[in-house]
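Everything below concerns the one structure shown next.
The values are calculated or read from the model by the stated rules, or taken from the named source; none is laboratory data. On a predicted model such as this, the values are computed, not experimentally measured, just so you know. Here the Cβ positions follow ideal geometry from the backbone for every residue, glycine too, while neighbour counts run over all protein chains shown.
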Amino acid sequence: MTAKEFLMRGINLDKRIRAKEEQIQYLRDRQESVSAAFTHASSKTGGKRDRLGDISASVIDLIDEYAAEITELLSVKAEIKRVIDGVESEDYRLLLSLRYESFKTLDEVAVDMGLSLRQIMRKHKNILRILDNVIECHTLDMI
């Protein structure tokens, strides 16, 4: 695993969590509309499936997945923080923290650090190269 792959795990998990939040909200909206429809309609459901129950079950399943992914994100962020805290250069630590702990884009990092995007990209490339060696050595120690 490269340093970038290692560090991107948090960002990717955060994106999956945000997608789950949207899915949960969508299903809750559907749940409300189905519930409202049942309130206004008479009990002529006949042999139709319980749509409200199906939607509720889907929401509960998604919430369980959501909670598991948040737990995983916290664990991944702790691993990433340990790596970042081990970096000697304050500039590199700040860059990595903004990018991989705060999930900012390199453009946003550049603005926050008062540097050009080109400078940030160069620093980012350099620190990833250094971290590749650190992660490779750490992985070899674990084998």
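Structural remarks
- Every condition in (1) closer than 15 Å to Asn126 by Cβ; (2) without any contact (Cβ under 8 Å) to a residue 24 or more places away in the chain is met by Asp85 except one, and the failing one is (1).
- Set side by side, the residues Ile60, Ile135 differ, and just one is out of contact with any Leu (no Cβ under 9 Å at 6 or more places or on another chain) and either assigned to a loop (DSSP other than H, G, I, E, B) or surrounded by fewer than 15 Cβ atoms within 10 Å (Cβ to Cβ) (or both), which is Ile60.
- Every test in (1) in contact with a helix residue (DSSP H, G or I) (Cβ under 8 Å, 6 or more places away or on another chain); (2) free of Cβ contacts under 8 Å to residues at least 24 places away in the same chain; (3) under 17 Å from Glu5 (Cα atoms); (4) in a helix (DSSP H, G or I) is passed by Glu72 save one, and that test is (2).
- Members of the range 73-102 that are of a type in the set (A, V, I, L, M) and either over 16 Å from the mean Cα position of the chain (by Cα) or surrounded by 13 or more Cβ atoms within 10 Å (Cβ to Cβ) (or both): Leu73, Val76, Ile80, Val83, Ile84, Val87, Leu94, Leu95, Leu96, Leu98
- Residue count for the range 84-138, restricted to those that are in contact with a His (Cβ under 9 Å, 6 or more places away or on another chain) and modelled with pLDDT under 95: 0
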